[in-house]
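Student: Pasting a structure here, questions to come.
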Amino acid sequence: VQLVESGGGLVQAGGSLRLSCAASGRSFSSYAMAWFRQAPGKEREFVAVVSWSGSSTDYADFAEGRFTISRATNTVYLQMNSLKPEDTAVYYCASKSRAYYSGRYYSADDYWGQGTQVTVSS
């Protein structure tokens, strides 16, 4: 299983970015997919998750109303609007190893990408 993120970069506060994560190596139609992020000196934190069917989503409080997660077959997206300097982090894509689970808990037993850097300047 391989997850490859793209779309990160440098953006000014108030701007937008769209992250993509291409998944390969198995069928992802029964597995939730999520985004996490890790800022310098901080622990990795949950951002958003989309269910295996794409019909339900869940967001961290800081992402609610600004970020939108979506999926298409083996790709998951994160549209980020109204970005703030505190959104600066490495963003990771993850896929659950357990079918039909759509919660926020992900571990080293799940599948992770290498991350893409998002930097928001003030």
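The values are calculated or read from the model by the stated rules, or taken from the named source; none is laboratory data. Note that this is a predicted model, so its numbers are computed, not measured. FYI the Cβ positions are ideal-geometry reconstructions off the backbone, even for glycines, and counts take in every protein chain you see. Accessible surface is based on the protein model in full, side chains and every heavy atom, while ligands, DNA and RNA are left aside. Shrake-Rupley method; radii C 1.70, N 1.55, O 1.52, S 1.80 Å.
Student: Carbon-plus-sulfur fraction of the accessible area of region 4-122, 1.4 Å probe, in percent?
Tutor: Here carbon and sulfur together make up 47 percent of the probe-accessible area.
Student: Also: Let a ≥ b ≥ c be the square roots of the eigenvalues of the Cα gyration tensor of region 36-108; is it rounded (a/c under 1.5), or, if not, prolate (a/b larger than b/c) or oblate? Before the final figure, lay out each step's value.
Tutor: Values: a/c = 2.02, a/b = 1.37, b/c = 1.48.
Cα axes put region 36-108 in the oblate bin.
Student: How big is the dipole moment of the chain about its Cα centre under a simple scheme where the beta carbon of each Lys and Arg is +1, that of each Asp and Glu is -1, and everything else is neutral? Debye, nearest 20, please. Please report the intermediate quantities before stating the final value.
Tutor: On the way: 11 positive and 10 negative charges, 46 e Å.
With only Lys, Arg, Asp and Glu charged at Cβ, the dipole is about 220 debye.
Student: What FRET efficiency, computed as 1/(1 + (r/R0)^6) with R0 = 22 Å and r the Cβ-Cβ distance, is obtained for Ala39 and Ser70, rounded to the nearest 0.05?
Tutor: Computed FRET efficiency for Ala39 and Ser70 comes out at 0.40.
Student: Rolling a 1.4 Å sphere over the protein heavy atoms, what is the accessible area per residue of region 1-115, to the nearest Å²? Write down the numbers at each step before the final one.
Tutor: Numbers: 5740 Å² over 115 residues.
So region 1-115 comes to 50 Å² accessible per residue, rounded to a whole number.
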